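Note sheet for the following structure.
The values are calculated or read from the model by the stated rules, or taken from the named source; none is laboratory data. What you see is a predicted model, and the numbers here were worked out from it, not measured in a lab. All Cβ positions, even for glycine, are placed from backbone atoms using ideal geometry, and neighbour counts span all protein chains on display. Accessible surface is based on the protein model in full, side chains and every heavy atom, while ligands, DNA and RNA are left aside. Shrake-Rupley method; radii C 1.70, N 1.55, O 1.52, S 1.80 Å.
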Amino acid sequence: GCRPISDGLWRWTCTRGRPAGLTRMPEEKGVPRQPMFSSANTVRGTALHAFGDLTTRLTLRGVVEREKNISVGADGEDFTVISVPDIDAGREVDASSGLTEIRSQGVMLQTGLDYAGKYVFDGLIRRDGSSLFGPDARWNTYHRVSGAWLMGREGWWPFQQLGDFKLR
């Protein structure tokens, strides 16, 4: 199970994504499409804690996704018997099949700090991998950092009609 846990200082929660499923794609021009299998699983943990005027948040998330597409097809020409919809009646037959599998994984660590409701910091680092890219580009790391000063919440702020003024 995935239940919230709290020890009085930190609160941990986690969620899980949709389970695996088999989906039959809609027909295209009257021809049935082949089935597609897909699954996505996400686990997320969040910790919150306050140290006086400083509120902290730490989030860790992991994702695993998988998609499998199966295709089968056959064409025939120069049929020996006209109006018989049987591929075996064709003198020239072309059959094909294929399997495409896409896998991706990712992990993310995010932190947020808020001091007195006026000063905000946010940072994130993420590492993602996908089978859609070649071996040299399969894994990539991304990051971001941001900060804000909510000047409209300062006691000296003179413009009451601009109460939510934020400097980023």
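Some points to look at:
- Filter result for Thr23 (at pLDDT 85 or above and either closer than 30 Å to Asp128 by Cα or among the aliphatic types (A, V, I, L, M) (or both)): no
- Leu150 falls short on exactly one of the conditions (1) at pLDDT below 90; (2) within 30 Å of Gly62 (Cα to Cα); (3) not acidic (Asp, Glu), and that condition is (2).
- Among residues of segment 59-73 that are over 15 Å from Arg126 (Cβ atoms) and of a type in the set (S, T, N, Q), those with a beta-carbon under 6 Å from a residue that is open to solvent by less than 60 Å² (accessible area, probe 1.4 Å) and in a strand (DSSP E or B) at least six positions away or on a different chain give the pairs Asn69/Met36; Ser71/Gly98.
- If the condition is being part of a strand (DSSP E or B), among the charged types (D, E, K, R), more than 24 Å from Asp53 (Cα to Cα) and in contact with a Gly (Cβ under 6 Å, 6 or more places away or on another chain), then segment 117-140 contributes only Asp128.
- Of all the criteria given as (1) open to solvent by 60 Å² or more (accessible area, probe 1.4 Å); (2) of a type outside the set (A, V, I, L, M, F, W, C); (3) modelled with pLDDT of 60 or more, the one not satisfied by Asp7 is (3).
- Residues in segment 86-111 that are surrounded by 13 or more Cβ atoms within 10 Å (Cβ to Cβ) and assigned to a strand (DSSP E or B): Gly90, Val93, Ile102, Arg103, Ser104, Gln105, Gly106, Val107, Met108, Leu109, Gln110, Thr111.
- Some residue of segment 122-132 being more than 31 Å from the chain's Cα centre (by Cα) and exposed (fewer than 15 other Cβ atoms within 10 Å of the Cβ): no
- Qualifying positions in segment 141-168 - open to solvent by less than 60 Å² (accessible area, probe 1.4 Å) and not in a loop (DSSP other than H, G, I, E, B): Ser146, Gly147, Ala148, Met151, Gly152
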